[in-house]
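The values are calculated or read from the model by the stated rules, or taken from the named source; none is laboratory data. Remember, predicted model here, so these are calculated numbers, not experimental data. Here Cβ is always computed from backbone atoms with ideal geometry, including for glycine, and neighbour counts include all displayed protein chains.
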Amino acid sequence: MRKKWCSLVIVVALGWGTVGCVPQTGKTDQTTAAPVSSAAAKEPADLPAEAPADQPTDQPTDKAVDEPADVSTEESGTNHAAGLSAPLSRFPEQRITLMAVGDIMVHDEQLEAALLPDKKTYDFAPSFAYVKPIFQEADWLIGNLETTLAGQELRYSGYPMFNSPDSLADTLKQLGFTALTTANNHSMDRKEKGVRRTIDQLDRVGLLHTGTFRDEASRNEPLILNKDGFTMALLSYTYGTNGIPIPKDKPYLVNLINPDLIKADIAKARAAGVDLVAVALHFGNEYQRMPNAKQRETAELCIKFGADLVLGAHPHVVQPYEWKTMTLEDGSTHTGFIAYSLGNFISAQRRDYKDVGVILKLTLYKGESGEAKVEKAEWTTTYVHYYRKNGKRHYVIYPVPLAVSAMEQGQKPPVLGKELADFLNRLQKEMDTHLNSMNKQTKAS
């Protein structure tokens, strides 16, 4: 039964939700509404605040902490800012599919689930079996690595000080990830040694990364992704490191959110000739489903500085998206796409939407004359299902539209009961409405 359902997941067409195409450039610093075309974006369904009763009740969770008020670089990609010329397009137009997911975490319960019978090695691949086919559509795939890979000698652990087995990096590479952002509040969980060894492990498996660095020189070289001459810089910053100090003489270890730094880094990427700039921000209030004023201010500043895309993380729940048009210093206007929080991609956190995430799918466009933009934004909702079998924990990410589609055809994973199946159906509809809630519904431009 499980094999039958898995094969169905691979062939069923995925119904992506959408917040439409980039709106036409406006003339003020006002939110510019994108057309909303998701058929499921109706009134919110009556989704229970907690998961169905047949879900386990263990719920590891970070203590909610407000962010501080101050806002203190190979598929192919390169870490170098100088000498990158904007190549001529090989085709009249180019389109790149970028996919992004939220927080990649490993709690103690996941360590138990991934531990193999030899009691020495860990296999995280089963958690991602149902989302792996989706990633085959992506030219670039990025996510936020919210744990360290500091080695077994520093003890594997989950919350509150994360350190995960090296095999996690191997699994993420096999899934198709292009790059990981590493600037977050857990970057320093094993201090400087953890930062450096995490970088070493990502380099070992060939995963690009940005946000934490070995030295000042590497910090000053933006990560640039390159696909057939279409280039995008990826920058990453965090609000803090949970009170663990970054050595004063080594501020390059972790990028902290600082408007002047972000502005300078965006300018440096633009000077290198990139087509687009994406900024990943680890910010906001944990477990809050709407962005706070400081999030909106910081994200808008990034667009004003010239970023085309802002990818948010840290709240551990999904927050809405919006297109934002800002007036630049030269008086021109610039429109960018902001995803305030992508939620948890994988974790052991339960209920109140902490087990829900999204796979964001962006169509990046480059015209014949070299102009580039985020053309279209879509998503698919994901749900982390936890169950026990033969006394062992299991954490599996289900793409909700595929699960719902399969169930409508009379098939479902054997571990999904009717109550949970009904929950996923309601969740899909509710998430479409929630994600669009900051975009005014207007006619397509």
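Numbers at a glance
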item	result
Within segment 257-293, tally of residues that are part of a helix (DSSP H, G or I), closer than 23 Å to Ser187 by Cα and among the hydrophobic types (A, V, I, L, M, F, W, C)	4
Residues satisfying the stated conditions in segment 191-200, i.e. crowded, with 23+ Cβ neighbours inside 10 Å and not small (Gly, Ala, Ser)	Val195, Thr198
Residues of segment 335-370 satisfying the condition of being small (Gly, Ala, Ser) and either buried (at least 24 other Cβ atoms within 10 Å of the Cβ) or under 12 Å from the mean Cα position of the chain (by Cα) (or both)	Gly336, Ala339, Ser341, Gly343, Ser347, Ala348, Gly357
Residue satisfying condition, being modelled with pLDDT of 95 or more and over 20 Å from Leu281 (Cβ atoms), within set Ile338, Ile303, Ile397	Ile397
Selection count where residues are surrounded by fewer than 19 Cβ atoms within 10 Å (Cβ to Cβ) and either of a type in the set (Lys, Arg) or more than 13 Å from Leu172 (Cβ to Cβ) (or both), scope segment 124-133	4
Residue within segment 320-331 that is within 26 Å of Tyr159 (Cβ to Cβ), modelled with pLDDT of 95 or more and touching a strand residue (DSSP E or B) at 6+ places or on another chain (Cβ under 9 Å) present	no
Boolean, Gly391 is crowded, with 24+ Cβ neighbours inside 10 Å and either over 14 Å from Leu420 (Cβ atoms) or in contact with a Pro (Cβ under 8 Å, 6 or more places away or on another chain) (or both)	no
Exclusive hit being at pLDDT 95 or above, surrounded by fewer than 21 Cβ atoms within 10 Å (Cβ to Cβ), farther than 23 Å from Thr178 by Cα and not aromatic (Phe, Trp, Tyr), set Asn220, Asn258, Asn226	Asn258
